[in-house]
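Each remark here refers to the structure printed beneath this line.
The values are calculated or read from the model by the stated rules, or taken from the named source; none is laboratory data. What you are looking at is a predicted structure, and each value in this text was computed from that prediction instead of being measured. All Cβ positions, even for glycine, are placed from backbone atoms using ideal geometry, and neighbour counts span all protein chains on display. Side chains are part of the model used for accessible areas, which takes the heavy atoms of the whole protein and leaves out ligands, DNA and RNA. Shrake-Rupley method; radii C 1.70, N 1.55, O 1.52, S 1.80 Å.
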Amino acid sequence: MAAAGMYPVRVDAALDAPLSRWLWLVKWILLIPHYVVLAFLWLAFVLLSVVAFVGILVTGTYPRPIFEFNVGVLRWTWRVQYYAIGAFGTDRYPPFTLEDDPSYPAHLDITYPERLSRGLVLVKWWLLAIPHYIVVGLFTSGGIWLASRTGYQGYPVGGWGLIGMLAVIAAIVLLFTGRYPEQIFDFVLGMNRWVLRVAAYAGLMTDQYPPFRLDMGGPEPGGTLTVPPRPSPSGVTQWEPLRLGESSQQAGPSGGGSPARRPTGWTAARVISVVVGAVMVLCSLGLLSAGGTTLSGQTAKGPGGYLDLGTRTYTTPGYAVASNELELQSATGGWDLASAMFGTVRLRVTPAHGTAPVFIGIAPAAAASRYLAGVSYSTVTGTIVNAPAYVGHGGGAPAVPPGRAGIWAAHAAGPGTQVLTWPVKSGRWTVIAMNASGSRPVSVRVTGSATLPALPWIAAGLLAGGILVAVAGVVLIAVPIRRASSSGDR
């Protein structure tokens, strides 16, 4: 329990001395492994916070094992930021653990709330904390993460706001003088403390509104700062807890200080399981979304079972517009996979300008290449800002009009709108649009559609896969949470 009048989020730190003059220049490189791990931990933090939100809404309590995990993520983040741009306050590499490390100079602890308001959980993280989000934004330059996405986007300390700028100034002074300005340290730590209090409030870990107060210096007001060990005259390492009031900070090896922290039961294997489960749940959301979109495509088919694939206008100053080579492969054993996937394709082509008869055809890629050899035409390579992108080819007029080329697997020509219907087959194909007379320029509007007979099977596979991956992810999260709870109760 926190002492009376003491905020339940306690952030302590001790400035190491001496500090390396130059190490701060490369700390961001040394921390890359931490950044990779934290990216996954914050993904799990977000997912578990959603679970905690539901738990608070239903029961009025924050599930204890989830609380310990999320506090550990904040603690880990604080140590990393204290080592780097959040303070540059130590040269000791941060430990890879969710637990508090008494030997490390930066500590974070949050008193577990026995009861939380069901009403506040609905508004405090997005509405009530808005004034604090403005302050956090000034301190970190990335404080919008807290306001825009319930407080869980990005790491809640450091950054290139006022905290980062002052930390860099202090590091530059250190570079030239060998000393870290203590006044800057106190101010930087006070801002980090403010940000972490807001992060805990937005993370639903307390109902106590963060104070608009800059508590500067290493120990919390009324709290306890456990000073890192130093050799005694006898050569035995000793701990020096500076008790300024009641705190849940873990006691040092000498047995002094406050009572030992309640064990959380979060072993490395359980943390990894939760992270993997969170990644799987995120992947399952993608699969389920893709399956739902595919299924909606099946229901959106029009007359004849065709699904509209969109309309686009193609224009070239040359004599033809050609697609990139379309390679449709057969499956093993001679089964025509392309036909099973796409069924029948229908292309509607209309002159975009004028009334000249148009031509649309599909030909084997090799034959199309021979026909267009020496012809001035454009190949569609993709899109740029929803407009076709082309590669132009120099040359002259085609030797014969397209209708007399004799190379087409399917074609349509004439005035007005023309419709080409082609049962898809495996092979290498090119689609070509021209004026029926073989003249230039060419400007046509093409609408594509297809029957896509495999769509229901694809949708079913995506949905089934999404459900299976989601179930597996939930199991990987739920089992370690349950076991962590059982371990912590011993």
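Descriptive notes on the structure:
- If you take all other residues with their beta carbon under 13 Å from the beta carbon of VAL444, and give Lys and Arg +1 and Asp and Glu -1, the sum is +4.
- With a Förster radius of 41 Å applied to the C-beta separation of ILE169 and ILE467, the computed FRET efficiency comes to 0.15.
- Potential lengthening between LEU309 and THR381 on full extension [0.36 nm per residue; Cα-Cα distance subtracted]: 24.2 nm
- Ordering of 420-427, 21-28, 133-140 by burial proxy (mean other Cβ atoms within 10 Å per residue, highest first): 133-140, 420-427, 21-28
- Highest to lowest packing among 71-82, 116-127, scored as the average C-beta count within 10 Å: 71-82, 116-127
- Per residue value of the accessible surface for the stretch 1-146 (all protein chains in place, 1.4 Å probe), Å²: 38 Å²
- Between ALA268 and ALA39, residue separation times 0.36 nm minus the direct Cα-Cα distance comes to 80.8 nm.
- Each Cα pair under 8 Å and six or more residues apart adds its sequence gap; the mean of these over the residue count of the stretch 267-396 is a relative contact order of 21 percent.
- At 0.692 mPa s and 37 °C, Stokes diffusion of the stretch 46-114 via Kirkwood alpha-carbon radius, µm² per second: 249 µm²/s
- The apolar share of the surface of the stretch 1-147, taken as the fraction of accessible area on carbon and sulfur atoms (1.4 Å probe, ligands and nucleic acids excluded), comes to 76 percent.
- Other residues with beta-carbon under 14 Å from the beta-carbon of LEU337 carry, at +1 per Lys or Arg and -1 per Asp or Glu, a net charge of -1.
- At a probe radius of 1.4 angstrom, the accessible area of the stretch 344-465 per residue rounds to 46 square angstrom.
- Global size of the stretch 282-406: 18.3, 56 Å for Rg and Dmax (C-alpha atoms, Rg to one decimal, Dmax whole).
- Stokes-Einstein D (µm²/s) once Rh is taken as the Kirkwood radius of the stretch 335-481 over alpha-carbon pairs, at 20 °C in 1.002 mPa s: 118 µm²/s
- Once the chain from LEU282 to LEU337 is taken as fully extended at 0.36 nm per residue, the excess over their C-alpha distance is 16.8 nm.
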